[in-house]
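The structure appears below as structure tokens.
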Amino acid sequence: MSEKFSDKLSRLEVISNILEKGECSLEEAVELYQEGVKLAKECNKQLNDAKQKVTTLNPEE
Amino acid sequence: MNNAVMTVSQLNRYVKSVLDGDYNLQSVFIKGEVSNFRVNFASGHAYFTLKDDGASIKCVMFKSDVSRVKFNVEDGLNVICRAKVTLYERDGNYQLYIYDMQPDGLGSLALLFEQTKRKLEAEGLFDLSRKRPLPAFPSKIAVLTSENGAAVYDILNILNRRYPLCEVLLIPVTVQGVQAPADICKKLEIAYNLPDIDLIILGRGGGSAEDLSAFNDENLARKLALSPFPTISAVGHESDFSITDFVADVRASTPSAAAELSVPQKEEISQYIDSLSKNILYSTNRFIELAELKLNSITSGYVFKSKDAFFESLIEKSDAVFSKITLCFERFMENKSSAFLEVLGKFNALNPLKVIERGFSITYKNGTQIKSVKQLEKNDNIQVKLSDGMANCKVESLEELK
């Protein structure tokens, strides 16, 4: 999952908007739906699996 | 002392010793308004006048003492000074050596705060237009605070609890004392040069005005204003402000508040993702429903629903047409036949062979048909064709009808 979390979330919002407005063909709608489900899964996983990474800058650096 | 004539030097020396010898005059506290304040550029000593409504006195402040004054000395300020009363022998000037100076009214820290605030505000460093929005989903935050004390734990705990997705880089700084402003400036410079920072939190826990005074330092404020990333200033007093609070993009009242402002809560995001997912599911289903409805409305049209009836009516139609065609053709044929028979009848009537059957004959002479007596002569050989044969005859006589 090399993409940034915030980018994925933005894409999810975009998909939601397009489907809500219905401005696409049936094939596109199905594709977008699948993409949206995949993104939502990945985002949730990222959120729940994350452990905070804390590093301390050494005074010498 | 007697009535002997003195020199100026002697008199000045005498009066000076009188003043120096008075215990009360060695350390007086005196208040007044500063005027004509100037610093000698070469020596660094300050010369000014202290005055009130009725009188004034010249003042000297040595460089070492000037440097200990915690605010900027300006004309018009009311101050309280600890001073020694003396006479400068050389010119006979009665004056004060000022050792300490405090603002009369506001504390010196508060005064410096006001002066710095006024100055930087005039330069536009506090302008709202400079403030940047915080990133919604930061991926890396630089936290500048003391590694000791509660502030750092509070910040880290809250960041971890709310949004562990975000990396934290802790840059320890000195947060009080004389060294603090310079140390913070140095660490800020380091943070500015890091490539992937989204946000800087600069803060410390609560303390006295003196403890927090590093965050009013003019140089520190200027350095913070240069940040390429959004900054949060979180200097731990609930109600008062530090200069860094004005310069930063966002002010938080405590380091914990800063942590809460800087990241979203992962529970909220989960909920948001869920609601987006639901919306996507609902929208897709609706999309398919609409497509179905459209399809149904087409197939439930007359053509599709009663397709047998449709075909039957087609067949009926085509049968009817076929019958009509057949009828027309027959009639046409009939007409043609009867017309033909008519013509045929007429033709037959005209058939000379039929005429012959009725008794008429055809006369030939030398193969040529004879229609008139004028074509004949007596003794001509003629052939008479009858219905069932030929009679070879000779002309006996001719008679012309008149």
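Quick notes on this one:
- J(HN,Hα) series, the stretch B:226-237, from Karplus relation 6.51 cos²θ - 1.76 cosθ + 1.60, nearest Hz, glycine and proline x: 7, 4, x, 10, x, 10, 10, 9, 9, 9, x, 10
- Shielded by partner chains, the stretch B:151-178 residues - at least 20 Å² of accessible area, 1.4 Å probe, vs chain alone: B:Leu156, B:Asn160, B:Pro164, B:Leu165, B:Glu167, B:Val168, B:Leu169, B:Leu170, B:Pro172
- Simple Cβ-charge dipole of the protein assembly as shown, Lys/Arg +1 and Asp/Glu -1, about Cα centre, in debye nearest 20: 1780 debye
- The GNM of chain B, with springs linking C-alpha atoms under 10 angstrom apart, assigns the highest mean-square fluctuation among B:Asp53, B:Asp245, B:Asp75 to B:Asp53.
- All aspartates and glutamates inside 20 Å of B:Lys187 as judged from Cα atoms, apart from same-chain residues fewer than 8 positions distant: A:Glu60, A:Glu61, B:Glu147, B:Glu167, B:Asp196, B:Asp198, B:Asp211, B:Asp217, B:Glu218, B:Asp245, B:Asp249
- Carbon + sulfur, % of accessible area of chain B - ligands and nucleic acids excluded, 1.4 Å: 55 percent
- The string of couplings for the stretch B:127-137 from the Karplus curve (6.51, -1.76, 1.60, θ = phi - 60°) is 4, 4, 5, 7, 6, 9, x, 6, x, 5, 10 Hz, one whole number per residue in order, with x for Gly and Pro.
- Amide hydrogen proximity for B:Ile362: with H placed 1.01 Å from N in the peptide plane, the residues at 5 or more positions away or on another chain lying under 5 Å are B:Lys385.
- Degrees between helix A:5-21 axis and first principal axis of chain A (Cα, 0 to 90, nearest 10): 10 degrees
- Entries of B:Lys58/B:Lys186; B:Lys365/B:Lys402; B:Lys140/B:Lys223; A:Lys4/B:Lys223; A:Lys8/A:Lys53; B:Lys63/B:Lys131 with Cα pairs more than 32 Å apart: B:Lys58/B:Lys186; B:Lys63/B:Lys131
- Taken as Cα centroids, the stretch B:122-166 and the stretch B:264-288 sit 29 Å apart, rounded to the nearest whole angstrom.
- DSSP finds beta bridges in chain B, and of those with both partners inside it, around 65 percent are antiparallel.
- Taking Cα centre as origin and charging only the Cβ of basic (Lys, Arg, +1) and acidic (Asp, Glu, -1) residues, the dipole magnitude of chain A rounds to 300 debye.
- Å² of accessible area per residue within chain B, as computed with a 1.4 Å probe and no ligands counted: 62 Å²
- Whole-Å distance, taken between Cα centres, linking chain A and the stretch B:17-55: 71 Å
- In order along the stretch B:335-349, phi translates into HN-Hα couplings of 4, 5, 4, 5, 5, 4, 4, 4, 4, 4, x, 4, 4, 4, 4 Hz, rounded to whole numbers, per the Karplus curve 6.51 cos²θ - 1.76 cosθ + 1.60 with θ = phi - 60° and x for Gly and Pro.
- For chain A, the longest principal axis of the C-alpha atoms and the axis of helix A:26-49 are separated by about 20°.
- Buried accessible area, chains B and A (both chains, 1.4 Å probe, Å² to nearest 100): 2900 Å²
- Residues of type lysines that B:Lys336 reaches as a straight line, Cα spacing below 24 Å, ignoring anything fewer than 8 places off in the same chain: B:Lys324, B:Lys346
- Listed residues B:Leu314, B:Leu77, B:Leu159, most fluctuating in chain B (Gaussian network, C-alpha, under 10 Å): B:Leu314
- Rounded to the nearest 20, the size of the Cβ-charge dipole of the stretch B:67-163 about its Cα centre is 600 debye, with Lys and Arg at +1 and Asp and Glu at -1.
- Amide H within-cut-off set for B:Arg204, under 5 Å, with H built and near neighbours excluded: B:Ala234, B:Val235, B:Gly236
The values are calculated or read from the model by the stated rules, or taken from the named source; none is laboratory data. Note that the structure is a prediction, hence the values are computed from the model and not measured. Reconstructed Cβ throughout: ideal geometry from the backbone, glycine too, with neighbour counts over all protein chains shown. Accessible surface areas use protein heavy atoms only, side chains included; no ligands, DNA or RNA. Shrake-Rupley method; radii C 1.70, N 1.55, O 1.52, S 1.80 Å.
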